[in-house]
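The block underneath contains the structure these notes are about, expressed in structure tokens.
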Amino acid sequence: MKRVWAMILGVVFLCGCGSRQEQAEKIQRYYGGLEKVTMEAEAVAHLGGENRSFTIRCLWEPEGATTTILAPEELEGLSATVAGEEWLVNWDGAALAAGRQRELSPAACIPWMLHAAAEGYLMEIGRELIDGMECLRLALDTTAMDGEKILCTIWFTKDDFVPCYIEFSSGGAVVLTLRTLSFEADEKGE
């Protein structure tokens, strides 16, 4: 009898995992089919015991993205545009080529998250509450330009796949977090 119950519980568990796996695949297809995203978020960079907070807005399209700082006030209006690996920093009408993107930063974190959601290697799937909402949590393995492994964990609303909260970890430590303030996305063909 114990063996029968164990088999029944195993089947129930596997069915639940299949449902989560299907949702994860739907999320990756959805993000892989996006044409344009506008997102605002509170970003916190965790730098060796010090936290730096920013409010950022990103306009992403497949050919590139521009991230603009909305706060703190002393950096308001500073923006960075990234196309492929190349950076261009803009401030008060002036633009400066900033070289190649090599690591994760607040300027690149939203495009990175969008790439991870579409193409990252799925490491874990779970369900958790974020701010009282039931979310699907995906932990996605990604690789930086310098070969460093970055784990991108994203908590999505279960119905419309909006990212609520995002953590980027490297070497077992959280290096950057995002809390979504607004999210608008256009799918290809809309």
### Query
How much accessible surface does Glu63 have with a 1.4 Å probe, in Å² rounded to 10?
130
### Task
Kindly report, to the nearest 10 Å², the accessible surface of Met145 as traced by a 1.4 Å probe over protein heavy atoms only.
100
### Query
So what is the relative contact order of segment 97-174, in percent, for Cα pairs below 8 Å that sit 6 or more residues apart?
23
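Keeping every protein chain in place, order Ser182, Ser53, Ser169 by accessible area at 1.4 Å, biggest value first, i.e. largest first.
Numbers: Ser182 45, Ser53 75, Ser169 20 Å².
Heavy-atom accessible area, descending, gives Ser53, Ser182, Ser169.
The values are calculated or read from the model by the stated rules, or taken from the named source; none is laboratory data. Computed from a prediction, not measured in an experiment: that's the story for all the values here. Surface accessibility is based on the protein's heavy atoms, side chains included, excluding ligands, DNA and RNA. Shrake-Rupley method; radii C 1.70, N 1.55, O 1.52, S 1.80 Å.
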